[in-house]
Structure formats: structure tokens, C-alpha cells
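S.K.: Take this structure first; my questions come after.
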Amino acid sequence: MARSTFKVLFYLKKNSLKPDGKAPIMGRITVNGSISQFSCKLNIKPTLWDTGSNRAAGKSLEAQKINQK
């Protein structure tokens with residue numbers, strides 16, 4: 001039986017900043033090398049984004065709301 005792979009990644013689209021300085025959060029799902037990208041329909045300030053864990057950093061109300069969705 002062939003082994004299948006599945007990955008989920010969230011990242012900021014920093015080159016598309018909104019007028020309020022927030023960047024859209026994007027998602028990427030990879031299944032067996034086939035990639036599907038989508039917008040999460042959420043925006044966050046780039047300073048609140050933790051690229052290492054691919055989620056909002058800190059204990060602010062905004063970060064907690066983003067991570068719950």
C-alpha cells in the first residue's frame with residue numbers, strides 16, 4: 001500500500017496588506033503533493049503573527065480570536 005501525505009500550513013500574505021496595515025491569513029493543504037490554497041477570510045497585523053508556529057502570537061484578545069477560528 002502506498003503511503004499518503006497530508007500537510008496543513010497557515011501563512012500571511014504580506015505582499016497584500018490592507019489599508020489598516022493588516023495582512024490576510026492564507027491556508028494551504030497538500031495531499032500527496034497536490035496543493036490547494038485558500039483565504040481564511042481573516043486579517044491580522046504582521047507583528048502578531050508567529051511564523052514558527054504558523055499562528056497568532058501573544059495573549060491579546062485579537063490573537064486568541066484568530067487562533068480559535
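S.K.: Being loosely packed, with under 10 Cβ neighbours inside 10 Å and within 19 Å of Q68 (Cβ to Cβ) is the filter here, so list the residues in the range 35-56 that pass it.
M.R.: Answer for the range 35-56, where residues must be loosely packed, with under 10 Cβ neighbours inside 10 Å and within 19 Å of Q68 (Cβ to Cβ): F38, K41.
S.K.: Now for a separate question. Identify, please: which residue in the range 1-34 is surrounded by fewer than 13 Cβ atoms within 10 Å (Cβ to Cβ) and charged (D, E, K, R) and is, among those, farthest from E62 (Cα to Cα)?
M.R.: R3
S.K.: Here's another thing I want to ask about it. Would you mind telling me which numbered condition in (1) of a type in the set (K, R); (2) loosely packed, with under 15 Cβ neighbours inside 10 Å; (3) modelled with pLDDT of 95 or more K59 fails?
M.R.: (3)
The values are calculated or read from the model by the stated rules, or taken from the named source; none is laboratory data. Keep in mind it's a predicted model, so treat the numbers as computed, not measured. Methodologically, a virtual Cβ is constructed for each residue, glycine included, from the backbone with ideal geometry; neighbour enumeration extends over all protein chains shown.
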